[in-house]
Amino acid sequence: MIPLFGILLVGASSARASKPTQTATGQSQVAHVTGCLLPPVLVPGEPRECKTLLARMAELKIPGVSIAVVHNGAVVWAEGYGVRGPDGKPVTKDTLFQAGSMSKPVAAMAALRLVQTGKLSLDTDINQALTSWHIPRSTIAPDAKVTLRELLTHTAGISVVGFRGYAAGAPVPTLTQVLDGSKPANTAPIKIEKVPGTEWGYSGGGFTVIQQAMVDVAHEPFPKLMASTVLGPIGMTHSTYQQPLSASMTADAAEPYSADGAVIPGGAHTYPEMAAAGLWTTPSDLAKYIIEVQQSLAGKTNHVLNTGMTVAMLAPGKNRWGLGVETGGSEEKPYFTHGGVNEGFQSLFVAYEKGGDGAIVMTNAVGGMKIAQEVMRSIATEYGWPDFQPAVHTLAKVDRGVLEKYVGTYQATPTFSVAYTLEGDQLFVQASGQKKFPIFPESESKFFMKVVDAEIEFHINDQGKVDYLVLHQGGHDYKEMKK
């Protein structure tokens with residue numbers, strides 16, 4: 001799916017800030033970050049439009065937001081905004097949120113700890129570690145052997161991208177029922193869909209296999225295993241993989257909301273797929289994970305992994321994924337990151353390997369990822385990160401006759417096409433059934449959007465006609481052929 005669309009969500013609600021936890025030097029930085037959420041694109045000479053965090057929360061119907069910022073290897077401020085549920089209690093730094101897929105990198109750290117202690121192997125058949133269940137043989141790859149390394153890097157060819165969880169009152173399957181896709185599981189069986197090691201393909205199912213392997217070799221429940229191997233050693237005292245959340249911790253938990261501002265009926269969904277989606281945590285606790293990784297890389301603290309294993313965890317492979325975490329940035333300033341989406345919870349963290357910087361933004365509503373990205377953009381600007389800041393583009397004057405060449409429909413995938421239309425002297429882009437957005441020229445063939453950091457470059461053949469375009473977005477290029 002081309003990541004250009006579904007980028008704007010609009011609504012209205014109210015929000016208020018709780019008292020922040022911060023250093024004295026962080027006070028002005030909090031004001032800078034939350035007082036002006038920057039747009040994804042800036043054009044020199046044009047007025048800089050920005051809105052406060054509270055205003056954006058109201059527009060996007062995000063009841064609660066929690067933020068923690070790491071600078072020079074320490075949490076310099078942590079702050080909650082808005083409310084955690086219909087009772088109106090404010091979000092604080094200790095309010096728990098479901099982390100969604102941000103559960104994966106923390107679970108990956110535990111899996112690598114088991115590798116380090118000899119209970120698991122990165123490169124042998126994972127079926128050798130599994131005793132309660134085995135990956136079934138596949139007609140696609142009859143002799144395939146799936147490894148932990150492949151599962152952690154999303155290259156194992158394993159099915160099931162993600163999980164919906166189980167609403168309050170619904171029967172919850174066991175882990176083996178999830179793996180088999182048998183009732184009451186609401187997802188398909190987890191199996192080999194592609195030849196392992198050949199392609200990158202995001203798979204929550206792969207992490208569910210990892211969860212079963214960890215339980216089988218450790219001989220203890222997954223929440224207890226995570227508490228003893230990662231959460232406890234690095235001081236994540238406000239975190240748990242317990243599903244559903246215990247009654248004692250529910251009092252500190254945010255409730256999930258839908259895109260229309262309504263609370264999810266029954267509250268948070270239950271995720272037996274704990275390694276993939278089951279972590280309850282706070283930004284301040286996830287900051288401890290970030291700091292542990294940074295300190296381990298520097299050889300300063302190794303509460304869970306030794307330096308060599310941490311380096312291996314962050315080594316980029318296919319699609320720039322390490323062992324359980326996405327990587328990016330430059331050779332001089334690499335970063336690691338992951339997002340998380342559960343029913344009614346959307347969150348994001350980013351951290352740099354060197355220099356001790358990072359941030360976590362957690363929200364309790366569908367659409368929260370957008371505001372998380374906006375907050376991250378302002379944090380990146382305030383702290384001078386080399387990435388995630390607004391892109392800067394300069395407008396060029398292009399004749400209407402040139403613009404007319406680009407009008408038409410472009411095929412991105414067999415099932416996804418994009419239309420480019422001209423209204424007056426303004427070129428627009430629109431995917432079928434979605435909103436229309438203007439695009440702006442930076443040269444005769446290169447255009448950009450303002451609502452999202454994306455560039456469109458049209459290719460003109462030897463006959464002077466446009467035959468395709470390339471969309472540049474998120475560090476990836478997507479070719480779209482003109483029909």
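The values are calculated or read from the model by the stated rules, or taken from the named source; none is laboratory data. Every value quoted in this text rests on a predicted model; they were computed, and no experiment measured them. Note that we place each Cβ from the backbone using ideal geometry, even for glycine, and neighbour counts take in every protein chain shown. These accessible areas exclude ligands, DNA and RNA; they are computed on the full protein's heavy atoms, side chains included. Shrake-Rupley method; radii C 1.70, N 1.55, O 1.52, S 1.80 Å.
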For this session: Order the following by accessible area, largest value first: Y468, Y81. Probe radius 1.4 Å; ligands, DNA and RNA are ignored.
Result: Y468, Y81
Exercise. In whole percent, what relative contact order does region 343-483 give with Cα contacts below 8 Å and a gap of six or more residues?
Worked result: 14
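Specify whether the C-alpha gyration tensor of region 206-314 places it in the rounded, prolate or oblate class, a ≥ b ≥ c being the square roots of the eigenvalues: rounded for a/c under 1.5, otherwise prolate if a/b is larger than b/c and oblate if not.
The shape class here is prolate.
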Problem set entry | Built amide H within the under 5 Å cut-off of T52, gap 5+ | L37
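When N is the residue count of region 50-167, what does its C-alpha Rg come to as a fraction of 2.2 N^0.38 Å?
Computed over Cα atoms of region 50-167, the ratio equals 1.54.
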Problem set entry | Accessible surface, 1.4 Å probe, highest first, among residues E455, E480 | E455, E480
For this session: Keeping every protein chain in place, order K465, K450, K397, K435 by accessible area at 1.4 Å, biggest value first, i.e. largest first.
Result: K397, K465, K435, K450
Problem set entry | Of K318/K450; K288/K354; K405/K435; K104/K435; K333/K479, pairs whose Cα-Cα distance is over 24 Å | K318/K450; K104/K435; K333/K479
Exercise. Per-residue HN-Hα couplings for region 444-449, Karplus 6.51 cos²θ - 1.76 cosθ + 1.60 at θ = phi - 60°, whole Hz, x for Gly and Pro?
Worked result: 5, 10, 10, 10, 9, 9
For this session: Return the long-range amide H neighbours of V146 (sequence gap of 5 or more, or a different chain), with a cut-off of under 5 Å between placed amide H atoms.
Result: I126, N127
For this session: May I ask you to derive the relative contact order of the chain, considering only C-alpha pairs under 8 Å and at least 6 residues apart, and to give it as an integer percent?
Result: 19
For this session: Tell me the GluC sites (Glu not before Pro) within region 317-368 that lie in a loop according to DSSP and have at most 14 other beta-carbon atoms within 10 Å.
Result: E331, E332
Problem set entry | Whole-Å distance, taken between Cα centres, linking region 216-260 and region 34-54 | 37
For this session: Would you grab the residues whose amide H sits under 5 Å from the one on R84? Only those 5+ places off in sequence or on another chain, please, with H modelled 1.01 Å from N.
Result: K89, V91
Exercise. Where the centroid of each part is defined by its Cα atoms, how far is region 60-138 from region 430-479 in Å?
Worked result: 36
For this session: Would you work out what percent of the accessible area of region 305-390, with all protein chains in place, is carbon or sulfur (probe 1.4 Å)?
Result: 50
Problem set entry | Probe 1.4 Å, protein heavy atoms only - accessible area per residue of the chain in square angstrom | 41
Problem set entry | Pairwise label distance in nanometres, K397 with Q473, each label 7 Å out on the Cα-Cβ vector | 3.1
Exercise. How high is the relative contact order of region 80-225, in percent, counting Cα pairs under 8 Å that sit 6 or more residues apart?
Worked result: 24
Exercise. With every protein chain in place, what's the accessible area of R164 (1.4 Å probe, Å², nearest 10)?
Worked result: 140
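How much mean residue ellipticity at 222 nm does the chain get from its helices, if each DSSP H run of length 4 or more adds -39500 (n - 2.57) and you divide by all residues, to the nearest 500 deg cm²/dmol?
-6500 deg cm²/dmol
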Exercise. What helices does the chain have that are whole DSSP H segments, at least 24 Å long along their own axis by Cα, and with mean Kyte-Doolittle hydropathy of 1.6 or more?
Worked result: none
Exercise. Cα-Cα pairs above 16 Å in region 334-397: how many percent?
Worked result: 50
Exercise. So if we plug the beta-carbon distance of T237 and D125 into 1/(1 + (r/R0)^6) with R0 = 51 Å, what FRET efficiency do we get, rounded to 0.05?
Worked result: 0.90
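According to the square roots a ≥ b ≥ c of the eigenvalues of the Cα gyration tensor, what is the shape class of region 108-226, taking rounded for a/c under 1.5, prolate for a/b larger than b/c otherwise, and oblate for the remainder?
Details: a/c = 1.73, a/b = 1.12, b/c = 1.55.
Taking the square roots of the gyration eigenvalues as a ≥ b ≥ c, region 108-226 is oblate.
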Exercise. Once you put a point 7 Å from the Cα of D216 and another 7 Å from the Cα of D94, both along the Cβ direction, what distance in nm separates them?
Worked result: 4.0
Seminar exercise, completed: Residue by residue through region 386-401, the couplings from Karplus 6.51 cos²θ - 1.76 cosθ + 1.60 with θ = phi - 60°, in Hz, x for Gly and Pro, are x, 10, 6, 6, x, 6, 10, 10, 10, 6, 10, 9, 10, 5, 4, x
Problem set entry | Whether region 347-437 is rounded, prolate or oblate, judged on the alpha carbon gyration tensor where a/c under 1.5 counts as rounded | prolate
Problem set entry | Cα-based Rg / Dmax (Å) for region 396-483 | 12.1, 34
Exercise. Using 7 Å Cα-to-Cβ label points, what is the K483/K435 separation (nm, one decimal)?
Worked result: 2.4
